[in-house]
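What follows is calculated from the coordinates using simple rules that are stated; it is not laboratory data. Predicted model, so just to flag it, every value in this text is computed and none were measured. All Cβ positions, glycine included, derive from the backbone under ideal geometry; neighbour counts span all protein chains shown.
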């Protein structure tokens, strides 16, 4: 799997947009970008994924650069409950569904 | 809808004792199943994954083993626990359709294991 690079931690004010960057410069053509988050003492939660087009769902938006070497997860209106570790993962669908989690970004949403 | 169960939620075991953690999934068939471990303050480490009954792939050599006796049951075991086996154990499942394994994984609530 291609490796990803994320900032260790970020702060965001409640109600503002949280923009979480991820670099994946060695991503292969058949690899998707996945985002998960883990709230303290819980299992990770799937957020969103994409291949090359921008994606949006009820939780977040995913912006992937044209060269696919980086992406940004956007939480449009962060709340205190969005405080969590956010993981950016790249993986293809022909590897038994394996995901390799890195250290992620610890997002703190502050009032 | 699909649900995933893990038990027990917490466990304290002495060094050298055996271990059995169970995970079951409801509401889907032929899922891919995964065991992860998360040591304190660290990321998730994939331990085992299974694409079908009796099919287990190990990602990390260790004194743990996994078995899948039924389609929606995944068991993590050890004959003799080590102090280093302490951690948060998470089971997850994902869907396979038409021979493609999809990477949206859904995690259980986890088991917090302390080995003393």
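Give the shape of region A:14-70 as rounded, prolate or oblate, defined through the alpha-carbon gyration tensor: a ≥ b ≥ c are the square roots of its eigenvalues, a/c under 1.5 means rounded, and otherwise the shape is prolate if a/b is larger than b/c and oblate if not.
Cα axes put region A:14-70 in the prolate bin.
If you build a Gaussian network model of chain A, linking Cα atoms that sit under 10 Å apart, which residue out of A:81, A:37, A:68 swings the most?
Of A:81, A:37, A:68, the most mobile in the Gaussian network model is A:81.
Have a look at A:13, A:84, A:60 and tell me which one the Gaussian network model of chain A (Cα, springs below 10 Å) gives the largest fluctuation.
A:13
Apply 1/(1 + (r/R0)^6) to the Cβ-Cβ distance of residue A:53 and residue A:11, taking R0 = 30 Å, and write down the FRET efficiency to the nearest 0.05.
0.50
Quick check on chain A: take the gyration tensor over C-alpha atoms, sort the square-rooted eigenvalues as a ≥ b ≥ c, and tell me if it's rounded (a/c under 1.5), prolate or oblate.
Cα axes put chain A in the prolate bin.
So what's chain B giving for Rg/Rh, alpha carbon basis, Kirkwood Rh from the mean inverse pair distance?
Rounded to two decimals, Rg over Rh is 0.96.
Quick one: among A:52, A:69, A:98, which has the greatest mean-square fluctuation in a GNM of chain A with alpha-carbon springs under 10 angstrom?
Among A:52, A:69, A:98, the largest mean-square fluctuation in the Gaussian network model of chain A belongs to A:98.
Quote to one decimal, in nm, the extra length available between residue B:62 and residue B:83 on full extension: 0.36 nm per residue of separation minus the C-alpha distance between them.
Here the segment from residue B:62 to residue B:83 would lengthen by 6.3 nm.
Taking Cα pairs under 8 Å and at least six residues apart, what relative contact order does region A:1-68 come out at, in percent?
22 percent.
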